[in-house]
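Below: one structure, written as structure tokens.
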Amino acid sequence: MFDPLQMPLSGVHSISASAGTGKTFTITTLYLRLLLEGGCSTDQILVTTFTEAATSELRDRLRSRLIDALQLLRSYPESADAEAASKAGDVDGQLLKLLEQGGAWDEDSASHVVERIEDALLSFDQAPVFTIHGFCSRVLQELVFESGTRFNVELVASLDDQIQEGVDDFIAQLWTVENSLVERWLPLTGSLYAKIQKVADTVMDNPSLEIVPDGDDLDELLHSDFLTAADRLLDQLAKIWNEQRDAVRGLIDAAVAGGVLSKTSYGKPELIDRSIAFIDSLVESRSLAEFTWKKEKLDGDQQRLTQDGLESGTLKKFVGSTPQHQAFSLLQKIADLSREFSMRQQEVETRLLARAGQFVREHVAKRRGERGIMSFGDLLHKVDEALEGRQKELLLEGLREKYHVALVDEFQDTDPIQYRIFSRVFREAAEISDSEVDRAFIMIGDPKQSIYRFRGADLAAYLEAQQQTPAEHRHNMGTNWRSDRSLVNSVHAVFDSVSNPFLNAHIPLSNVDAHYDDRFRPGPAMSVSLISRPEYQDPDKAMSRTASLEIIVERLVEDIVSQLRSNDEIYTSDGEWRRLEPSDIAVLCRTGRELRNIQQALADRGVSSVLQTDESVFESAEAESVLHVLRAVQNTTSLTRLFNALQTPVFGLNAE
């Protein structure tokens with residue numbers, strides 16, 4: 001069983017913490033131990049997590065633990081009094097053990113312990129508790145020469161504007177010029193634009209990502225003889241088509257009337273009209289991109305008036321009588337070229353996207369230098385580059401002199417770049433035996449969450465970090481301090497019902513105990529309901545979302561009402577059992593619309609509820625009611641507005 005009071009305060013440590021196992025409590029415990037036992041000051045302990053909100057909360061929890069420790073020492077100058085208070089439940093037992101372990105009541109160190117805690121509280125506003133981006137920003141600000149950073153860099157939330165500018169410039173240079181070869185190969189469609197945008201975002205999010213292929217041979221592909229041959233055929237078709245279009249149509253109509261061509265493919269005039277319209281468009285655009293190939297098959301309207309199309313559309317008894325015209329044979333040759341064109345388009349597109357990535361990178365780098373700006377993503381990459389640059393030894397020396405310990409919260413959200421930074425600065429230093437300074441690199445997180453890739457998390461980075469941690473320093477927090485034992489066991493049973501539940505053999509399903517016994521009776525801790533399809537629904541057809549939602553809401557509300565009317569009880573913090581109340585039940589949904597449907601259904605059954613969503617209050621039904629009232633007040637002569645206002649729940653009136 002992992003005990004934060006017994007964990008060594010030096011070296012590399014990995015702590016696996018499932019939900020509810022007291023991760024933040026462990027961090028505050030280790031932090032206080034590092035101050036009292038490790039001899040660190042607050043400015044030598046770096047604590048990082050992954051969001052501003054989490055950073056603020058963690059900072060508050062660390063400060064509170066220091067305050068609790070100081071108040072305990074001031075309230076109980078004698079250890080015997082503190083132990084008696086602990087037995088009476090008036091004092092945190094683990095905090096008491098921590099202070100005893102740190103010598104808080106030893107004659108020769110008691111005053112020193114109080115002094116260290118007081119100093120920590122006085123300097124805590126400057127304590128390095130950051131997000132990873134905040135840490136990198138501080139590195140670049142404080143170690144300007146070592147990191148090679150320019151002065152007065154403006155930090156911007158993102159480089160989206162510069163990236164978009166690069167994309168627009170790239171498109172303008174290639175598609176808007178006169179006689180654009182790129183336009184002939186790849187017309188700028190919405191889907192192609194989206195691909196270029198995605199490539200630009202990807203290469204900027206991953207500066208170390210190598211772009212393959214390099215895009216340098218794009219010009220050679222664009223200027224191949226292929227388009228010259230296509231142009232010659234298209235010019236011939238245009239000349240003949242402009243002179244003999246009506247004659248060609250008459251030839252086809254005569255073949256249809258004479259029964260030579262299949263009525264299925266040629267019998268309806270609109271079919272011929274669509275094929276004629278295609279040739280009109282082809283002649284006007286002079287582009288092979290007009291052709292559409294799907295699974296090696298040409299679109300039917302485009303195939304119909306090619307020579308091969310006419311041959312296949314000729315009835316067997318009229319074989320040899322297929323309509324013949326130079327326009328048909330030219331269209332056939334152009335269609336054959338378009339097949340190869342379609343395949344070459346893929347190669348051109350690949351090279352074009354590579355060129356786009358290179359162009360945007362160079363464009364953003366230029367703008368970044370001209371304007372002196374840096375994004376949050378740049379902070380990470382700049383520090384990463386500096387740790388591999390010419391001044392890397394100076395930078396490492398400066399950082400290691402400043403920080404002796406690094407505590408990384410939510411480590412499962414770490415990406416490869418972030419881990420590379422932590423590893424170079426802290427892990428490698430903690431692995432070195434240094435008699436003068438005890439160093440530690442402590443990673444705390446839940447590997448099971450890493451599979452969801454929150455905030456760009458990379459499972460491989462987490463596993464690499466864990467494998468580089470000595471086996472005796474891989475800890476597992478095995479007690480859930482939040483949920484009941486039966487619920488913890490139920491969740492474990494769900495995941496344990498299959499082999500390799502997290503789809504990675506390196507992520508084990510650890511056994512977790514629970515601090516609390518069951519505080520809910522007599523119902524089960526977890527139940528899974530399968531809602532059957534109503535008999536009136538067609539079993540061969542999928543139900544609509546609306547119909548499905550109605551059935552689910554009805555079943556859910558029925559379950560809630562049944563529970564409220566049952567003998568189910570919960571155990572309160574006062575040590576008493578009481579009946580279940582509506583405020584004890586929470587319902588989670590994906591959308592506000594689903595929640596409103598459930599709330600209305602509960603109200604119809606006499607169950608009160610409170611709706612909590614991230615939607616604007618101005619989108620609520622109450623806001624709409626107030627709006628009707630305000631409109632009526634604004635225009636008192638309008639009966640329509642008056643009646644609309646009176647029908648709202650604001651006045652509590654009904655039709656009577």
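Of note:
- Test for Ala547: is it open to solvent by less than 60 Å² (accessible area, probe 1.4 Å) and at pLDDT below 90: yes
- Meets criteria (under 30 Å from Arg485 (Cβ atoms) and within 31 Å of the chain's Cα centre (by Cα)) for Leu588: yes
- Qualifying residue in segment 51-64 (condition: more than 29 Å from Ala430 (Cβ to Cβ), charged (D, E, K, R) and either part of a loop (DSSP other than H, G, I, E, B) or in contact (Cβ under 8 Å) with a residue 12 or more places away in the chain (or both)): no
- Taking segment 494-516 as the range and being open to solvent by 60 Å² or more (accessible area, probe 1.4 Å) and not in a loop (DSSP other than H, G, I, E, B) as the test, the residues that pass are Val494, Phe495, Asp496, Asp513, His515, Tyr516.
- Pairs meeting the criteria (first residue in segment 430-447 and over 19 Å from Gln467 (Cβ atoms) and at pLDDT 90 or above, second residue outside any strand (DSSP E or B) and aliphatic (A, V, I, L, M), beta carbons under 9 Å, at least 6 apart or on different chains) are Arg439/Ala429; Arg439/Ala430; Arg439/Ile432.
- Residue that is modelled with the lowest pLDDT [pool: residues in segment 450-485 that are more than 29 Å from Ala514 (Cα to Cα) and open to solvent by 60 Å² or more (accessible area, probe 1.4 Å)]: Arg455
- Test result for Asp68, modelled with pLDDT of 90 or more, among the charged types (D, E, K, R) and open to solvent by 80 Å² or more (accessible area, probe 1.4 Å): no
- Tally, over segment 400-425, of residues that are over 28 Å from the mean Cα position of the chain (by Cα) and not aliphatic (A, V, I, L, M): 5
- Segment 504-527, residues that are farther than 21 Å from Ile570 by Cβ and among the aliphatic types (A, V, I, L, M): Ala505, Ile507, Leu509, Val512
- Scanning segment 581-600 for residues that are crowded, with 16+ Cβ neighbours inside 10 Å and polar (S, T, N, Q) gives Asn597, Gln599.
- Residues within segment 65-93 that are part of a helix (DSSP H, G or I) and not polar (S, T, N, Q), tallied: 17
- In segment 424-449, the residues that are under 22 Å from Val139 (Cα atoms), of a type in the set (A, V, I, L, M) and buried (at least 19 other Cβ atoms within 10 Å of the Cβ): Val425, Ala429, Ala430, Ala440, Ile442, Met443
- Residue under evaluation Asn567, criteria (1) open to solvent by less than 90 Å² (accessible area, probe 1.4 Å); (2) touching a residue at least 24 places away in the same chain (Cβ under 8 Å), criterion not met: (1)
- Only one entry of Asn480, Asn489 meets the criterion of being farther than 30 Å from Gln600 by Cα, polar (S, T, N, Q) and not in a helix (DSSP H, G or I), and that entry is Asn480.
- Count of segment 242-264 residues which are surrounded by fewer than 19 Cβ atoms within 10 Å (Cβ to Cβ) and assigned to a helix (DSSP H, G or I): 14
- Taken together, Gly372, Gly389 contain a single residue that is open to solvent by 10 Å² or more (accessible area, probe 1.4 Å) and of a type in the set (Gly, Ala, Ser), which is Gly389.
- Every pair of residues 6+ apart whose Cβ atoms lie under 9 Å, when the first sits in segment 354-375 and is on the phi < 0 side of the Ramachandran plot and without any contact (Cβ under 8 Å) to a residue 60 or more places away in the chain while the second is surrounded by fewer than 16 Cβ atoms within 10 Å (Cβ to Cβ) and not polar (S, T, N, Q): Gly369/Arg150
- Segment 319-342, subset touching a residue at least 60 places away in the same chain (Cβ under 8 Å), open to solvent by 40 Å² or more (accessible area, probe 1.4 Å) and assigned to a helix (DSSP H, G or I), residue farthest from Leu271 (Cα to Cα): Glu340
The values are calculated or read from the model by the stated rules, or taken from the named source; none is laboratory data. Everything quoted here is computed from the prediction, not taken from an experiment. All Cβ positions, even for glycine, are placed from backbone atoms using ideal geometry, and neighbour counts span all protein chains on display. These accessible areas exclude ligands, DNA and RNA; they are computed on the full protein's heavy atoms, side chains included. Shrake-Rupley method; radii C 1.70, N 1.55, O 1.52, S 1.80 Å.
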